[in-house]
Amino acid sequence: MQRLLWIGISFALAAARVFPADATRPATTNHYETRAIHDPNGIGKFYQGREIAHVMGHLAASWLERDNREEEEKTQLLIDALKFKPGEVVADIGVGTGYHTRRIAPKTLPGGKVYAVDIQQEMLDLLTNHLARLGITNVVPALGTVTDPKLPSGAVDTILRVDVYHEFDFPFEMTEAMCRALKPGGRIVFVEFRAEDESVPIKRVHKMSEAQVQKEMALHPLVWKETLTILPWQHIIVFTKKAR
């Protein structure tokens, strides 16, 4: 219940959609539809039958660093399961304060790095403050847009999206851009709260089923690899980029 309270606070603080200051909202494509009657926790915009959720604003960033997050989500178990290795190039999309990036970056050394992507400069500022205190130097902050994470083409081994994909305003365009950034055989990892489990104490539009994730990824040059259910509330769904 505490988690639901924090999510409610987050959305009260982020009542408006969040865009970079110099960005204009892209035109809606035929991938999407809007509905007047919808979940109040969503934005009324639908993709592949799924309503897109409100995004968390930077004013609620403290929720990302809450003391009991490891206990609730078992983050270290997630990091270990993904088996990051030295030299790996990782992109953490919707990085926020860098909770996961700070744990991944040391595992990619020597020779690896993490692109830390967010559409809010305020989040990137919080991230860089954390990195400076910890002396982590192999992280590249990147200010993305709602349609493009601004990653270099064909350069990334792993793209991680933790509890963020369901908030993308333009999920088709974002995933398309991420596929361009992946190396052949590179992986996109979803970590989303399980919609199949009614006991998971998260609002409905902030959950995703494995079937819905697979439905949406079927539109891209990706192949499902595995789904891990080792976390208390979330599933880990892994896709790899098709080799040309």
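The values are calculated or read from the model by the stated rules, or taken from the named source; none is laboratory data. Just so it is clear, the structure is predicted and the values come from calculations on it, not from any experiment. In this analysis, Cβ positions are derived from the backbone assuming ideal geometry, glycine residues included, and neighbour counts consider all displayed protein chains. What goes into the accessible areas is simple: the full protein's heavy atoms, side chains included, and nothing from ligands, DNA or RNA. Shrake-Rupley method; radii C 1.70, N 1.55, O 1.52, S 1.80 Å.
Brief remarks follow.
- Ordering LEU228, ALA132, VAL89 by the projection of their Cα atoms onto the charge dipole of the chain, which places +1 on the Cβ of Lys and Arg and -1 on the Cβ of Asp and Glu, puts VAL89 at the extreme positive end.
- For LYS113, a cut-off of 16 angstrom between C-alpha atoms picks up these aspartates and glutamates, skipping any fewer than 8 places away in its own chain: GLU88, ASP92, ASP157.
- Electrostatic dipole magnitude of the chain [Cβ: Lys, Arg +1; Asp, Glu -1; Cα centre; debye, to 20]: 640
- Two-decimal Rg/Rh across region 172-244, once Rg and the Kirkwood Rh are taken from alpha-carbon atoms: 1.00
- Gyration tensor over the Cα atoms of region 22-106: the corresponding equivalent ellipsoid has semi-axes (square roots of 5 times the eigenvalues, largest first) of 31, 17, 14 Å.
- Answer label for Rg/Rh (Cα atoms, Kirkwood Rh) (calculated), chosen among (i) 1.03; (ii) 1.09; (iii) 0.93: (iii)
- Peptide ranges 184-196, 214-226, 146-158, 89-101 listed from the most packed, as the mean C-beta count within 10 angstrom indicates: 89-101, 184-196, 146-158, 214-226
- Kyte-Doolittle at least -0.5, axis length at least 18 Å by Cα - qualifying DSSP helices, the chain: 121-134
- Carbon + sulfur, % of accessible area of region 149-244 - ligands and nucleic acids excluded, 1.4 Å: 52
- Beta-bridge orientation, the chain: approximately 45 percent antiparallel, per DSSP, counting only bridges with both partners inside.
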